[in-house]
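Here the structure comes first, spelled out in structure tokens, and everything after it is commentary.
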Amino acid sequence: MRYFDIGVNLSSEQFAKDRADVICRAQSAGIENMLLIGSNIDDSRQAIALAHTFNLTASAGIHPHDAKTAQGNYCETIASLASDSAVVAIGECGLDYNRDFSPREKQREVFAAQVALANKLNKPLYMHQRDAHQDFLAIVKEAEVPGVVHCFTDSGQALEAYLELGFYIGITGWLCDERRGDTLRQLLPQIPLDKLLFETDAPYLLPRNIKPKPKSRRCEPMHITHVVAQAAELYGLPVEEVANAAFNNAHKLFALEVSACD
Ligand SMILES: [Zn+2]
């Protein structure tokens, strides 16, 4: 069984006291690699530094929540960050009309700029979309590079559109949420195994199917095993097949070599 957690916010304050332990626990649970999400310029710098410390990968970009902080030659800055060997994707970028932490027009501008930058650098896109499918689609149609729509929680129509564009779909512990994960659970088997990726979005989205319930509400990368197990059940496939498919997909998307299993 091989795991690649494609969404970890390791720079979060919530991991300030025990980052090395968190990574160690994840590695003991079989998580061989992780993508550390960069959500603004400073955060991308931190993600890259942590990726080097722990021999992991990172993204560099500006999250829609942080679009309002984008100024000056932010694309040049992202491009220079993206030249670092640890950076395997441009993002997290996209649109979030659910919380509207940045003005929508600014979100669209900063997202479109990052799509154009990914094209120019020939790097995959690491994308976020919440309650903004139509505007998101209009911008992402310009992408000439592969990408992942991370933490997918939208409708079947949105899923179909993203698959048609050849994007990978990132599945989080949302799948394990008996209250709000219903639609996602129904849609999951429509995601072809060769487009599936798993992520914890740690420290957020602790899977609700962990038994016994952990004392801490903080999600850690090691918990990805619960998301994958839930997905395998919904596909009606062996866990190993689903885990390994997603593991190989992550390597393909991020242009990484799969190391021999030891
Ligand atoms: Zn996100």
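A short reminder: the numbers here are calculations on the coordinates, not readings from a lab. Nothing here was measured: the structure is a model prediction, and the numbers come from that model. Don't worry about glycine lacking a Cβ; one is built from the backbone with ideal geometry, like all the others, and counts go over all protein chains shown.
Return a yes/no flag: does region 191-202 have any residue that is outside any helix (DSSP H, G or I), among the hydroxyl-bearing types (Ser, Thr, Tyr) and farther than 26 Å from Val22 by Cβ. For region 191-202, residues outside any helix (DSSP H, G or I), among the hydroxyl-bearing types (Ser, Thr, Tyr) and farther than 26 Å from Val22 by Cβ: absent.
Filtering region 119-139 to residues that are within 18 Å of Phe254 (Cα to Cα) and either within 16 Å of the ligand (Cβ to nearest atom) or surrounded by fewer than 24 Cβ atoms within 10 Å (Cβ to Cβ) (or both) leaves Asn119, Lys120, Leu121, Asn122, Pro124, Leu125, Tyr126, Met127, His128.
Among residues of region 37-88 being free of Cβ contacts under 8 Å to residues at least 12 places away in the same chain and of a type in the set (S, T, N, Q), the one that is surrounded by the most Cβ atoms within 10 Å (Cβ to Cβ) is Thr53.
The lone criterion from (1) closer than 19 Å to Leu117 by Cα; (2) within 16 Å of the ligand (Cβ to nearest atom); (3) touching a Ser or Thr at 6+ places or on another chain (Cβ under 9 Å); (4) in a strand (DSSP E or B) left unmet by Ser44 is number (4).
Filtered by the rule that a residue be under 22 Å from Val228 (Cβ atoms), touching a residue at least 40 places away in the same chain (Cβ under 8 Å) and either assigned to a helix (DSSP H, G or I) or under 18 Å from the mean Cα position of the chain (by Cα) (or both), region 13-30 gives Phe15, Val22, Ile23, Arg25, Ala26, Ser28. The one condition from (1) in a loop (DSSP other than H, G, I, E, B); (2) closer than 23 Å to Ser11 by Cα that Ile210 does not meet is (2).
Among the residues making up region 141-162, those that are within 16 Å of the ligand (Cβ to nearest atom) and farther than 17 Å from Ile78 by Cβ are Val148, Val149, His150, Cys151, Phe152, Thr153, Asp154, Ala158, Tyr162.
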